[in-house]
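What follows is a short report on a single structure.
The values are calculated or read from the model by the stated rules, or taken from the named source; none is laboratory data. Since the model is a prediction, treat every value here as computed from it, not as a measurement. Every residue, glycine among them, receives a Cβ derived from its backbone with ideal geometry; neighbour counts consider all protein chains shown. For accessibility, only protein heavy atoms count, side chains too; no ligands or nucleic acids. Shrake-Rupley method; radii C 1.70, N 1.55, O 1.52, S 1.80 Å.
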Amino acid sequence: MIELFEGFDELSDSELEECVSRLQREVDEGKVDACWQLASFYENGRVVQRDARRAFQLREQGALADEPNAVFWLGYSYEHAVGAHYDLQKAIELYDRALQGDSDFQSRVFACCQFSIYKIFKRVTSFKLLEKELDGETYYETHIETDAEGSEDERLTAIYAQCKPSVNPFYCAELAEIMRKLGEPKESCEVAASQLDAKAAELFEDAAERGNAVAAGKLAEYYGHGKGVEEDGAYAMQLTRRAADAGYAPAIVMMGFVCEFEGLFDEALEHYLRAAELDCPDGLCKAGLRKEALGETEEALRLFRRGAQLNHGPSLFFLGRSYWADEKIESKENAVECWRRSAELGFPLAMERYAAYLSSDLDEASPREAWAEVAEYYRRAMEEGVDTAKVNYACMLHDGLGVEKDLWESARLLNEISQEGDTEAKELLAARKFEGDGCDRDPDGAFELLQEAAQESTTAQIALGFRYFFGDGVLQDYFRAARLFGEAAKSGASIALINFARCCFEGLGVFRNDLAGEYFLRLAAEQGDPIAAYRLGLRFASGEYGPEDWRLAMQWFHVASASQDALATERLAFGYWNGLGVERDRVLGAYLWELADDYGDEEALEELERAESALYVEQLFSESEDPHEAQRDAAVAEAMGIWMESRTSASGDFPSRAEFVNEYKLRVDAFGKSNARPVATVSKSGGAVQALLKMYRACAAADATRSVAAEGMAFEP
């Protein structure tokens, strides 16, 4: 009998050749037991030319006759892409099928180990390690609990009980990882895991010496990372190359990675594509990334999709990233689903990205359960070594979002990661140390951290600039503040541009230069920053750049108002009411004043009341300086009155404030396109505006009533 990892019988090459001849005759005679034994010769290349495809065909032939050893080794072929395409699910099904068969078949213990890896260890809820003494030697007894139920739970536990680390290096390797992650007590588990690594390396070494490519590839990982053996990079590379030449897909991927590291990108892609042809998930993903870098997005998507079909976490993550770049809503939904699946499979970058997506729809008033889910993903990603996830989790501990508030643990995590050089952590920890928030107050240490962060971080440069500008915790120094704002402004950060512009306007830390100030303020405003746009509008409205230019001022007030800036919206309302830089429009002015009030301007409604008083005086004396405006107001008021009556009759209620204003704008535009000629006089032009405002007020009142009703509904059971 020839077992892959139990070793060949001690036979000479001539004896092995005779054995192969005998097995071949038995296969030709239809003896299925010979199929899987002969397959091992072809996989390992002992006294025959290595032929992985031939090994697969022999195992498949035996499996068709339900020979349990052949069924098991066929699963092995699918799991490790030995002469077949990688298919883990099919491998698991074959392992299960073999275990359902003859209880005495030779590879049963090996099959139990392989099956337990995927059916038990992937579902472990608790893992206990008991250290015992037997004949003076320490050994470890493991106990597990799974999330399975009923008879399935009993069956899985029974299969696990038959596992023997002494026969299966794959099992040893997996068990060692699980011990380190889930095992208790930690110290004993670490010792046991190290012993298992050494045992796995020993078993892989034995099989590799007999020519097994899979064993050589696995052993290379052990020597490359010093697991169970002393680290030996040169030997690891030799083993990897041998395994890759023999067709072991993970080793082929590793060769591609080495080429990529050395800048040989074309050769790397060749290796990745070769592994991808075997449906190796890592090969598909790496080939996809290289194709993406070359701009071949469709081919990259195809490779990512194939990897995703194999439930490969990284492929799902990068597929999601590609979907997210598409503006279609369904693509965004597909991206989120990819990230969710990738996160569930344990890919740390996906955990972090999915957590960020979930938190984007939450605020402090959101349910604790929703925040708890976010915190859990960040925690898991943090434990997998994602530094940015650790920073986010520390912030959630600080704010008590989804987790119990723990200021000291939050500061500890930030301190831990800041010592590793993380810039964001240094900046956050500095803010805490300045105030003694969850840690000892340490202004000097905080200032040192902030200075270190400012060497790389724009936000840290801005924060440090403000401290120098206002003399907060340090001597006031406009020169250093201006230099920091100027450095941060190079990145295009709006707040840095605005504050450097202020330095230029006021000559603080730099020579006074209004043109430079306008330039930097305009850069920020053109990015849509409402503060910059509002300040720029004020300067044009006040004539600080020369003559007043309300046309330009109104353009910038529009930009700021679009971001719900209350002060800019109030100025915009003032401009429309008085016809400054735009055609006068009192209805739109009234609407904008109310919007400014909604946005938080405390004086907006007072401004509107004063304006309406002036309108009343205009109506009283029947004054109108612009016949065209008067005719427009009269025509629009008449049209809006008809629309209001029709709209209200159809729905049984007044339209919303927003609906009214949208319809009003359409009517004004239609009047402008009609090329109507102004008449000499239009009596009581203010009356038309009053009529329009009365209709608008009715819509606003209806909005308020509906809002109150909606709030009342929220409290009904």
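When every residue of region 344-355 is checked against the conditions, none turns out to be in contact with a Cys (Cβ under 6 Å, 6 or more places away or on another chain), open to solvent by 40 Å² or more (accessible area, probe 1.4 Å) and not in a loop (DSSP other than H, G, I, E, B).
Given the structure, is ALA431 in a helix (DSSP H, G or I), of a type outside the set (S, T, N, Q) and buried (at least 19 other Cβ atoms within 10 Å of the Cβ)? Give the derivation first.
Working: in a helix (DSSP H, G or I): yes; of a type outside the set (S, T, N, Q): yes; buried (at least 19 other Cβ atoms within 10 Å of the Cβ): no.
Criteria not met by ALA431.
Once region 188-214 is narrowed to residues that are surrounded by fewer than 23 Cβ atoms within 10 Å (Cβ to Cβ) and outside any helix (DSSP H, G or I), the residue that is farthest from the chain's Cα centre (by Cα) is ARG210.
Note on region 14-64: among residues that are open to solvent by less than 10 Å² (accessible area, probe 1.4 Å) and polar (S, T, N, Q), the one that is modelled with the highest pLDDT is SER40. Checked against (1) modelled with pLDDT under 85; (2) surrounded by 15 or more Cβ atoms within 10 Å (Cβ to Cβ); (3) over 53 Å from the mean Cα position of the chain (by Cα), VAL689 passes all but condition (3). All of PHE511, PHE485 fail the test of being open to solvent by less than 20 Å² (accessible area, probe 1.4 Å), touching a Cys at 6+ places or on another chain (Cβ under 9 Å), farther than 23 Å from VAL559 by Cα and not polar (S, T, N, Q), apart from PHE485.
Going by the structure shown, is ALA381 part of a helix (DSSP H, G or I), aliphatic (A, V, I, L, M) and touching a Phe, Trp or Tyr at 6+ places or on another chain (Cβ under 6 Å)? Explain how you work it out, then say what you get.
Details: part of a helix (DSSP H, G or I): yes; aliphatic (A, V, I, L, M): yes; touching a Phe, Trp or Tyr at 6+ places or on another chain (Cβ under 6 Å): no.
So ALA381 does not fit the description; no.
When the criteria are applied in full, ASP440 fails the requirement of being in a helix (DSSP H, G or I), open to solvent by 80 Å² or more (accessible area, probe 1.4 Å), of a type outside the set (Gly, Ala, Ser) and more than 21 Å from PHE520 (Cβ to Cβ). One residue alone among SER359, SER366 is farther than 22 Å from SER418 by Cβ, of a type in the set (S, T, N, Q) and not in a helix (DSSP H, G or I), and that residue is SER366. What pairs come out if I take residues in region 283-301 that are more than 16 Å from CYS259 (Cβ to Cβ) and free of Cβ contacts under 8 Å to residues at least 12 places away in the same chain and pair them with residues that are open to solvent by 10 Å² or more (accessible area, probe 1.4 Å) and of a type in the set (D, E, K, R) whose C-beta lies under 6 Å away, six or more apart or interchain? What qualifies is GLU299/LYS291. Taking region 543-566, which residues are within 36 Å of the chain's Cα centre (by Cα) and either open to solvent by 40 Å² or more (accessible area, probe 1.4 Å) or in contact (Cβ under 8 Å) with a residue 60 or more places away in the chain (or both)? Selection gives HIS558, VAL559, ALA562, SER563, GLN564. Criterion applied to TYR616, TYR591 was being open to solvent by 60 Å² or more (accessible area, probe 1.4 Å) and touching a residue at least 60 places away in the same chain (Cβ under 8 Å), and the one residue passing it is TYR616.
Being of a type in the set (A, V, I, L, M, F, W, C) and under 12 Å from ILE531 (Cβ atoms) is the filter here, so list the residues in region 549-578 that pass it. Don't jump to the end; show me each part of the working.
Step one: list which residues in region 549-578 are of a type in the set (A, V, I, L, M, F, W, C), which gives 550, 552-554, 556-557, 559-560, 562, 566-568, 572-574, 577.
TRP556, VAL559, ALA560, ALA566, LEU567, ALA568 - these are the residues of region 549-578 that are of a type in the set (A, V, I, L, M, F, W, C) and under 12 Å from ILE531 (Cβ atoms).
Screening region 447-490 for residues that are in a helix (DSSP H, G or I) and of a type in the set (S, T, N, Q) and picking the one that is nearest to CYS503 (Cα to Cα) gives GLN461. Could you check, for region 367-381, whether at least one of its residues is surrounded by fewer than 17 Cβ atoms within 10 Å (Cβ to Cβ) and hydrophobic (A, V, I, L, M, F, W, C)? Yes, there is a match, as at least one residue in region 367-381 is surrounded by fewer than 17 Cβ atoms within 10 Å (Cβ to Cβ) and hydrophobic (A, V, I, L, M, F, W, C). Evaluating TYR323 against the criteria (1) part of a helix (DSSP H, G or I); (2) touching a residue at least 24 places away in the same chain (Cβ under 8 Å) leaves one unmet condition, (2). Is region 512-519 home to any residue that is more than 30 Å from LYS694 (Cβ to Cβ) and part of a loop (DSSP other than H, G, I, E, B)? Yes - at least one qualifying residue is present in region 512-519.
Select from region 401-428 the residues that are assigned to a loop (DSSP other than H, G, I, E, B) and within 20 Å of MET351 (Cα to Cα) and write down the one among them that is modelled with the lowest pLDDT.
We begin by selecting, within region 401-428, every residue assigned to a loop (DSSP other than H, G, I, E, B); these are 401-406, 419-422.
Right, trim to within 20 Å of MET351 (Cα to Cα) and you get 401-403, 422.
Working: LEU401: 91, GLY402: 92, VAL403: 93, ASP422: 86.
This residue is ASP422.
Kindly indicate which of ALA335, ALA355 is at pLDDT 90 or above, more than 29 Å from SER457 (Cα to Cα), among the small types (Gly, Ala, Ser) and under 15 Å from the mean Cα position of the chain (by Cα).
Numbers: ALA355 fails: more than 29 Å from SER457 (Cα to Cα).
Only one candidate qualifies: ALA335.
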